[in-house]
């Protein structure tokens, strides 16, 4: 079965998460992705190490379906190799500051000298055009600056979400933009630059709250897991764990009142709509908390599902891996890697196409595993490769 991007070549100069996962998603859809790393390996190769060689779980997730080439692109011969690789490629992915792109010959005008219709996908922390454009930043900084941390956790302690949702959101949005640019090039023959940013992604997710603040000056503060514009919507302790349940909208609230066997909730003007229920959630939250405390997690979920109310268990990472539904989905793929004690559970491609599905075909590469193979494709023989290795170019 053919894949959407099977004739597309991508050069991945990404680092950490946003750039590499953007390129990874293109690889999942069939693109030939060549990851360019320093001779000692990029920093993200060693984050959360789990293999005997020091490679980390992050690298194994976001660098599947790639070939690895080691290269010093700042050397004269390295820049020549970059030019030759660009000339045979369709997309360059680089989440690097503008000045770094220029120093490596990866800025868009320079790339176009080698491939006039090339597509450059760049990702920065803050986006271009503002006074912070050249600053460095990570996922957590974007969480902080978008208002997400302020609105998370308890009121007196801003809380960062442990999982790097900004990085992954940015990667997916940039992959979306890159796919759109590929489609446009097929129609017009023109390449272009695609720009994503961590702050832009975080502000996008935060936009509903930001609109509310600007228009009506709600001045909301964090309330833990309790929703502020609906109820009951919170995390509740059961006899043996926790459940999260969310009631949003009048039909669900009516189902909840029926489940409680207490129609008076529907007659009280304090709870006439979602916003009123959010503003006066104390009695509703207390009632739901008592209901959950009298039951096990399994009993709570069974009754909530019977009432068609959205709810789920709060799982630890191990419990998530062991959960019957997650296991039945076969979403976590067993992917081996040299130096691992057992195959790693790598998440499958997160979107499925019925006719041209993506796939995880290959594990993340060893450092420089495909240097000789890739350079041979652009005209370097064994003697030239040995000379480049000796000079520290690759």
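A short reminder: the numbers here are calculations on the coordinates, not readings from a lab. Just so we're clear, the structure is a prediction, and the values are computed from it rather than from any experiment. Here the Cβ positions follow ideal geometry from the backbone for every residue, glycine too, while neighbour counts run over all protein chains shown.
Points to keep in mind about this one:
- In this simple spin-label approximation, residue 220 and residue 305 carry label points 7 Å from Cα along the Cα→Cβ vector, and these lie 3.0 nm apart.
- If R0 is taken as 25 Å, the Cβ-Cβ distance between residue 183 and residue 2 corresponds to a FRET efficiency of 0.95.
- The C-alpha atoms of the chain define a longest principal axis, and helix 207-216 lies at about 50 degrees to it.
- Degrees between helix 18-28 axis and first principal axis of the chain (Cα, 0 to 90, nearest 10): 80
- Under the shape rule built on the C-alpha gyration tensor, where the axes satisfy a ≥ b ≥ c, region 233-319 is prolate, since a/c reaches at least 1.5 and a/b is greater than b/c.
- C-alpha center-to-center spacing [region 226-249, region 99-130] in angstrom: 46
- Using the Cβ-Cβ distance between residue 133 and residue 268 with R0 = 45 Å, the FRET efficiency computed as 1/(1 + (r/R0)^6) comes to roughly 0.30.
- Between the Cα long axis of helix 282-293 and the first principal axis of the chain there is an angle of about 80°, rounded to the nearest 10.
- Prolate/oblate/rounded label for the chain (Cα gyration tensor, a/c 1.5): prolate
- Label-point gap, in nm, between residue 244 and residue 258 - each point 7 angstrom along Cα→Cβ: 2.6
- Calculated FRET efficiency for the pair residue 389/residue 46, C-beta based, R₀ 22 Å, to 0.05: 0.50
- Gained length - residue 314 relative to residue 100, 0.36 nm times residue gap less alpha-carbon distance: 72.8 nm
- Whether region 218-374 is rounded, prolate or oblate, judged on the alpha carbon gyration tensor where a/c under 1.5 counts as rounded: prolate
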